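J.: Quick one: structure below, then a few questions.
The values are calculated or read from the model by the stated rules, or taken from the named source; none is laboratory data. The structure presented is a predicted model; accordingly, all values stated were derived computationally and were not measured. No Cβ is skipped: glycine too gets one built from the backbone with ideal geometry, and neighbour counts run over all protein chains shown.
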Amino acid sequence: MEKVVSGIRPTGNLHLGNYFGAVKSFVAMQDQYDCMFFIADWHSLTTHPKPENIISSARTILAEYLACGIDPKKAPIYVQSDVKETLELYLYLNMNMYMGELERVTTFKEKARQQPDNVNAGLLTYPTLMAADILQHRAHKVPVGKDQEQNMEMARTCARRFNHIYGEEFFPEPQNYYFSDKAVKIPGLDGSGKMGKSEGNCIYLRDDDKTITKKVMKAVTDAGPQSPNSERPQIIENLFTFLKIVSAPDTYQYFDEKWNDCTLRYGDLKKQIAADLCALVGPIRERINEYSANTDLLDKIAREGAEVARESAAATLREVRRIIGFRV
Ligand code: TRP
């Protein structure tokens, strides 16, 4: 079975955009592939997080992924820093990567612009660490967002170069698996194109019903349909996108007809979306709270995940050491 690996940055809480994007495809993939997921806490060190936040951020995101349906029996989930084999491969791969090509990576250039006082070497070699995450399991597919395209290109370069230098087809070239091609895009309810943390327009899986309802009711609208069967402006189409995602098909049809005969009241539409959204998020939120309250269970799941990951990585590293010429 094809191997799939993906890393999750432990940056805050999951919102609906994440849920209908990365999270849902991870959950779907765990039934089709030999999957492993991990929380990229080493990568987060590039911004120097506080020591007291490291473990709790990892637990937060772990609880949320489990609540969304990642089943650790199907897809082991581990914390990156628990699998130290990664570092050895990171070192080897770095020997074959060149300053120039690392400096040209757009995410590096962007980060260097954002944090000019902290352009550290870890930032520069971020793609190599990511390549080590992937290649240590000799993964075939990596579910990522479009923003990871260049990092994935670097991971393939690492694989290809290693194979070429040692004349052995050892690492498969990992392929991008874009979940965004399959997922529905969640629009922002503030009139902006998408829901995102930097846009500040997120509905979080941890939001309670009152918060969700308030956010939906605040969605921007216009004066209403002016003539029968007219095309919907983007901000209104955004609401219908929500409706399509969270409500039953006949509910969508009902409001679509109301739009078409100009009898739609946005208040009713928003109330419907809010109610259906609460029904969707409610059980997830409850599971998040249950997992979050059970840190022993979270730690046990992470520990078991790390065992599987270490075994997989150690097997790769034994071969890598032999290929490079070290004692195994
Ligand atoms: N760079 C990825 C992101 O920003 C996170 C990540 C780290 C990752 N290592 C990975 C993703 C390995 C896929 C495979 O989202």
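J.: Report yes if some residue within the stretch 293-311 is within 30 Å of Pro172 (Cβ to Cβ), free of Cβ contacts under 8 Å to residues at least 40 places away in the same chain and part of a loop (DSSP other than H, G, I, E, B); otherwise report no.
T.: Scanning the stretch 293-311 turns up no residue that is within 30 Å of Pro172 (Cβ to Cβ), free of Cβ contacts under 8 Å to residues at least 40 places away in the same chain and part of a loop (DSSP other than H, G, I, E, B).
J.: Which residue pairs have Cβ atoms under 8 Å apart, sit 6 or more places apart or on different chains, and have a first residue in the stretch 190-215 that is within 16 Å of Ala22 (Cα to Cα) and a second that is among the small types (Gly, Ala, Ser) and in a loop (DSSP other than H, G, I, E, B)?
T.: Lys194/Gly188; Met195/Gly188; Gly196/Gly188; Lys197/Gly12; Cys202/Gly196
J.: Give the number of residues within the stretch 114-135 that are modelled with pLDDT of 95 or more, under 23 Å from Lys146 (Cα atoms) and not aromatic (Phe, Trp, Tyr).
T.: 13
J.: Please specify each residue of the stretch 126-160 satisfying the condition of being of a type in the set (Asp, Glu) and either surrounded by fewer than 18 Cβ atoms within 10 Å (Cβ to Cβ) or more than 8 Å from the ligand (Cβ to nearest atom) (or both).
T.: Asp147, Glu149, Glu153
J.: I would also like to ask the following. Across the stretch 23-71, which residue is surrounded by the fewest Cβ atoms within 10 Å (Cβ to Cβ) among those that are assigned to a helix (DSSP H, G or I) and acidic (Asp, Glu)?
T.: Step by step, filter the stretch 23-71, then rank; the result is Glu52.
J.: Could you tell me whether any residue of the stretch 1-22 is of a type in the set (Lys, Arg), outside the structural domain of Leu277 (by TED's automatic domain parsing) and more than 15 Å from the ligand (Cβ to nearest atom)?
T.: No, the conditions are met nowhere in the stretch 1-22.
J.: With respect to Asp41, determine if the residue is under 14 Å from the mean Cα position of the chain (by Cα) and either without any contact (Cβ under 8 Å) to a residue 60 or more places away in the chain or more than 30 Å from Arg322 (Cβ to Cβ) (or both).
T.: yes
J.: If I ask for residues that are within 15 Å of the ligand (Cβ to nearest atom), closer than 24 Å to Asp207 by Cα and hydroxyl-bearing (Ser, Thr, Tyr), which ones from the stretch 34-88 would you list?
T.: The answer is Ser57, Tyr65.
J.: Also, I was wondering about something else. Mind checking which residues of the stretch 161-178 are more than 10 Å from the ligand (Cβ to nearest atom), touching a residue at least 40 places away in the same chain (Cβ under 8 Å) and surrounded by 21 or more Cβ atoms within 10 Å (Cβ to Cβ)?
T.: Selection gives Phe162 alone.
J.: When the residues of the stretch 116-125 are filtered to those that are within 14 Å of the ligand (Cβ to nearest atom) and in contact (Cβ under 8 Å) with a residue 60 or more places away in the chain, which remaining residue is surrounded by the fewest Cβ atoms within 10 Å (Cβ to Cβ)?
T.: Out of the qualifying residues, it is Gly122.
J.: If you don't mind, there's one more thing I want to ask. Could you give me the residue pairs with C-beta distances under 6 Å whose first residue belongs to the stretch 86-111 and is under 14 Å from Thr316 (Cβ atoms), whose second residue is small (Gly, Ala, Ser) and in a helix (DSSP H, G or I) wherever it lies, and which are 6+ apart or on separate chains?
T.: Thr86/Ala132; Leu89/Ala132; Tyr90/Ala132; Leu93/Ala131; Leu93/Ala132
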